[in-house]
1. Within region 257-282, take every residue that is more than 22 Å from Ser123 (Cβ to Cβ) and within 19 Å of the chain's Cα centre (by Cα) and give me the one that is surrounded by the most Cβ atoms within 10 Å (Cβ to Cβ).
2. Mind counting the residues in region 204-245 that are touching a helix residue (DSSP H, G or I) at 6+ places or on another chain (Cβ under 8 Å), more than 28 Å from Leu188 (Cβ to Cβ) and either among the hydrophobic types (A, V, I, L, M, F, W, C) or more than 14 Å from the ligand (Cβ to nearest atom) (or both)?
3. Among the residues in region 11-19, are any open to solvent by 10 Å² or more (accessible area, probe 1.4 Å) and farther than 30 Å from Thr290 by Cα?
4. Taking Lys269 as the residue in question, decide whether it is more than 16 Å from the ligand (Cβ to nearest atom) and charged (D, E, K, R).
5. Does any residue in region 150-169 that is in a loop (DSSP other than H, G, I, E, B) and open to solvent by 20 Å² or more (accessible area, probe 1.4 Å) come within less than 7 Å, Cβ to Cβ, of a residue that is hydrophobic (A, V, I, L, M, F, W, C) and more than 12 Å from the ligand (Cβ to nearest atom) six or more places away or on a different chain, and which pairs are these?
6. Go through region 101-145 and count every residue that is under 22 Å from Asp176 (Cβ atoms) and either in contact with a helix residue (DSSP H, G or I) (Cβ under 9 Å, 6 or more places away or on another chain) or not aliphatic (A, V, I, L, M) (or both).
7. Mind checking which residues of region 364-414 are hydrophobic (A, V, I, L, M, F, W, C) and part of a loop (DSSP other than H, G, I, E, B)?
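The values are calculated or read from the model by the stated rules, or taken from the named source; none is laboratory data. Not measured: the values here are computed from a predicted model. Ideal geometry is used to build each Cβ from the backbone, glycine not excepted, and the neighbour counts take in all protein chains shown. In case anyone asks, the SASA skips ligands and DNA or RNA and just uses the protein heavy atoms, side chains included. Shrake-Rupley method; radii C 1.70, N 1.55, O 1.52, S 1.80 Å.
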Amino acid sequence: MLLPPFTYRQQNLYVEGCDLEAIARREGTPLYVYSKEAILTRYQAYEAGLATVPHQICYAVKANSNLSILRLLAEAGAGFDIVSGGELFRVLQAGGDPAKVVFSGVGKTRDEVEYALSSGIHSFNCESEAELQLISSIAARHNKTARIALRVNPHVDAATHPYISTGLRDHKFGIDITEVEAVYSRALSLPNLRLEGVSAHIGSQLLNTNPLLEALDALLQLIDRLRALGVPITHLDIGGGLGVPYKEDQIEPPVADHLAAVCARCAGKNLTLMTEPGRSIVGPAGVLVTRVLYRKKTETKEFVIVDAAMNDLIRPTLYQAHHEIVPLRKTFPGTFLADVVGPVCESGDFFAHDREMAQCLPGDFLALATAGAYGFVLASNYNTRPRAAEVLVDGDQWRVVRRRETYEDLIRGE
Ligand code: LLP
């Protein structure tokens with residue numbers, strides 16, 4: 001679903017002060033276009049919501065890791081949630097403050113732990129006892145102290161798509177809430193660790209925030225028990241997960257209300273609150289612009305074949321995700337039913353099935369809405385397709401923040 005600052009001026013789709021079709025004609029398609037205003041407004045909603053408590057917002061780099069976006073957020077004061085050495089490298093390149101970085105993920109390698117420790121990150125969100133032992137031994141060898149939060153699996157159903165739900169007993173993520181106290185107790189004897197936090201992330205694209213609050217309640221009780229055991233917990237990382245509206249009938253959970261409920265529960269607990277939002281900061285701030293190549297009718301269906309494909313935006317085929325598809329120019333009245341598909345040689349290469357589409361002709365431009373999160377970052381070179389360019393709009397200015405890949409880029413390293 002398109003949210004401001006993506007708006008029609010007469011018949012033309014604008015983002016902030018820029019006509020999207022003018023950008024697309026200059027830079028070609030497929031093309032990701034992001035709005036600086038949207039990203040910063042969404043980030044500021046988190047800052048405002050947490051203003052009354054000590055806090056650090058750690059933007060989840062995985063949602064969109066373009067250097068210019070990371071730089072924008074770093075300048076606004078954001079920290080970062082990373083899940084790989086590569087993401088740490090990006091954050092540092094973008095001028096992010098390592099002291100505001102938390103490192104999540106179930107499979108941190110020795111090299112990644114060393115890189116993070118030597119960069120001076122804030123803390124590790126640890127997901128297993130074996131990982132704690134590895135971090136302890138590496139920290140001891142380098143004569144450093146690693147700050148640790150255990151990522152807890154609180155057994156709360158996020159009620160979202162199974163691939164992006166992470167807080168149930170069967171999931172690979174976190175340490176089972178029933179085992180956490182024993183793990184902290186044993187970890188107290190490991191050298192060069194400072195056990196100071198608790199973290200959780202139960203899933204993504206939550207439109208109902210009750211499961212997040214349910215998990216929070218369980219974590220706060222756990223923190224009381226840990227403190228009673230002598231583990232001096234000072235920070236609580238509540239993860240990310242707030243959803244965004246992809247369809248007209250979906251309502252975005254207001255960040256302000258959710259954070260007010262979070263802060264109320266944490267009042268007087270003497271905790272620094274951390275959070276790791278990704279999608280809710282960048283999702284509605286970007287679109288994927290594509291061009292109609294052909295219309296093709298079969299006996300049973302009509303296809304709109306566009307120049308973007310599953311390699312550019314895999315969410316529809318991977319998560320059955322819905323992205324609105326709108327014209328950049330509302331030229332013709334009327335609608336028709338179509339499957340919107342790309343050029344990749346797979347039947348899974350689709351953006352929509354049986355979608356009611358505004359009339360369009362070959363050569364027309366379309367935008368796939370709400371593509372700022374988990375769009376470009378999941379792109380591949382499948383079918384030896386160069387990855388799309390990315391543009392960042394700022395008012396009536398725009399610039400390319402990643403150039404389109406060339407054929408030469410595609411074979412570099414082979
Ligand atoms: N923190 C951790 C530990 C995470 O695993 C994630 C997302 C986040 C924070 C950010 O969650 P968000 O605020 O964006 O919901 N590719 C999928 C989404 C995967 C989410 C993975 N983890 C999609 O396109 O829907």
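1. Looking at residues that are more than 22 Å from Ser123 (Cβ to Cβ) and within 19 Å of the chain's Cα centre (by Cα), I get Val282.
2. Looking only at that region, the number is 5.
3. no
4. Answer is yes for this residue.
5. Note: pairs meeting the criteria are His155/Leu168; His155/Ile177; Asp157/Leu168.
6. Total meeting the criteria: 19.
7. Within region 364-414, Ala369, Ala371, Ala373, Ala379, Ala388 qualify.
Yes/no matrix, rows are residues, columns are (1) modelled with pLDDT of 95 or more; (2) open to solvent by 10 Å² or more (accessible area, probe 1.4 Å); (3) not in a strand (DSSP E or B); (4) not assigned by TED's automatic domain parsing to the domain that holds Val231:
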site: Arg90; (1), (2), (3), (4): yes, yes, yes, yes
site: Ala116; (1), (2), (3), (4): yes, no, yes, no
site: Ile121; (1), (2), (3), (4): yes, yes, yes, no
site: Ile135; (1), (2), (3), (4): yes, no, yes, no
